[in-house]
Amino acid sequence: MPGWLFPALLIFFLRITDITLYTLRIRMVMRGMRAWAWIFGFMQAIVYVTAIRAVLSDMGNWSKMIGYALGFATGLVVGLTLEDRLGIGFTHYRIISPGFGLLIAANLRAADFAVTEVSAQGIKGAVEVLHCNVLHKYDKEVERIIINTDPDAFVTAENIRRIEHGFWHTKNKLSG
């Protein structure tokens, strides 16, 4: 192995770890999970200082700088992928459908998701606005149900932080 390759790879993997921890830390902060945010922040700081020290100790070494940049970019993807697979947190879906709102609600309920229906007026007439809060790990299932029922529905999704109360069962998929 060439002498320049090992330091570049080490920095690359340190940066992947650093940015993955950074991404997870930010997600924990957004969800109000203070203890996890602290743990990820602590670990991230140690890894970051180690990586940056290795780069700054030899600023003329382009392979280290390239390893740093590649690790940063790769760490973003790894962090988002890992966070997505962990399914931590909650998602709020707002679904607007002019013709299939009631059917979407029925299909979501049949899959054990709670839905709140609101009749509303859109630009072209009456619409149903549906609100559905789910554990993040069920996002794909909810999206599949919506799209399979009404491919033209207007759907937005937001990460939310649950406060308390309401119709929310953590043992199954129900929420509200």
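Quick note: the coordinates plus some simple rules give every number you see, no bench work behind them. Owing to the predicted nature of the structure, the values given are computational and were not obtained by experimental measurement. Because the Cβ atoms are built from the backbone with ideal geometry, glycine has one as well, and the counts that use them run over all protein chains shown.
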Fill in the blank from the handout: Put in order of increasing Cβ neighbours within 10 Å, starting from the fewest, His136, His131 give His131, His136
Exercise for the section: Match the structure shown to one of the listed values (1) 28, 19, 14; (2) 44, 18, 12; (3) 49, 18, 12 of semi-axes √(5λ) of the Cα gyration tensor in Å, computed from it, and give that label. Expected result: (2)
Handout entry: Å³ per residue enclosed by the Cα convex hull of the stretch 5-86
Key = 75 Å³
Problem - Computed FRET value (nearest 0.05) for Ala111 with Asp58, which takes r as the C-beta separation and R₀ as 35 Å - result: 0.05
Completion exercise
Given a Förster distance of 30 Å, the FRET efficiency implied by the Cβ-Cβ spacing of Asp84 and Trp4, rounded to the nearest 0.05, works out to 0.30
Exercise for the section: Give me Lys137, Lys64 ranked fewest to most by other Cβ atoms within 10 Å of their Cβ, as a rough exposure proxy. Expected result: Lys137, Lys64
Exercise for the section: Express in nm, to one decimal, how much length is gained between Glu143 and Arg34 on full extension, taking 0.36 nm for each residue of separation and deducting their alpha carbon distance. Expected result: 36.3 nm
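Calculated FRET efficiency, Lys124 and Asn159, Cβ-Cβ r, R0 30 Å, to nearest 0.05?
Once the sixth-power term is evaluated, E becomes 0.50.
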Exercise for the section: Find the relative contact order for the stretch 5-86 and round it to a whole percent, using C-alpha pairs within less than 8 Å whose residues are 6+ positions apart. Expected result: 50 percent
Problem - Assigned charges on the beta-carbon of Lys, Arg, Asp, Glu; the chain dipole about Cα centre (debye) - result: 480 debye
Problem - Kyte-Doolittle mean at least 0.0 and Cα axial length at least 30 Å: DSSP H helices in the chain - result: 5-30, 34-56, 62-86
